[in-house]
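The values are calculated or read from the model by the stated rules, or taken from the named source; none is laboratory data. Everything quoted here is computed from the prediction, not taken from an experiment. Cβ: placed from backbone, ideal geometry, glycine included. Neighbour counts: every protein chain shown. Side chains are part of the model used for accessible areas, which takes the heavy atoms of the whole protein and leaves out ligands, DNA and RNA. Shrake-Rupley method; radii C 1.70, N 1.55, O 1.52, S 1.80 Å.
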Amino acid sequence: FLQVIRNADPSQIELRSFHFEQLGSLVTIARKHVSLYLSQILELIKGNWESSMVLHNISLIKNLCVALGDEFRVHILDLISPLLDVFHTDTENERTATLEVLNSLKEF
C-alpha cells in the first residue's frame, strides 16, 4: 500500500488524500503492527508535506501517536520542524491547519 501511495500521480490531490485517509484507517486498525513500517510511513509524510496534504499528514500523525503510544514519541523530533512550519505557511482565514497542529501537540 505504501508503494501505491509513493507511485501515485502527485497532480491527483484527491487520490493522494484518499490514500492518506485509508492509511490512517489502517494504522488505527493495525495499531502496534504498523511499527514495522513506521520509518517508511514517516518518510511518506515528510515527502508529501505540501499545503494540500498538511491536514491529512497531521491526521495520520495523530493516528500513529494513538496507535503506537510511547513508541512513537521518539519520532516526534523528526516531525516538529514541518509541524512548526505550518504556523508560517497557513494563510487561511480560519487557520485550520494551525489549529490542527496545536490539537495534535496535545496528543503527543
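Taking the centroid of alpha carbons for each part, the range 1-46 and the range 65-92 are 16 Å apart. Spin-label pair Thr91-His33: with each label point 7 Å from Cα along the Cα-Cβ axis, the two points sit 4.3 nm from one another. A Gaussian network model of the chain, with springs between Cα atoms under 10 Å, assigns the largest mean-square fluctuation among His88, His19, His56 to His88. Beyond 19 Å, the tail of the calculated P(r) for the chain holds 41 percent of the Cα pairs.
Solvent-accessible surface of protein heavy atoms, probed at 1.4 angstrom with all chains present, puts Thr91, Thr28 in the order Thr91, Thr28, largest first.
Computed about the Cα centre, the dipole magnitude for the chain is approximately 360 debye when only Lys and Arg (+1) and Asp and Glu (-1) carry charge, each at its Cβ.
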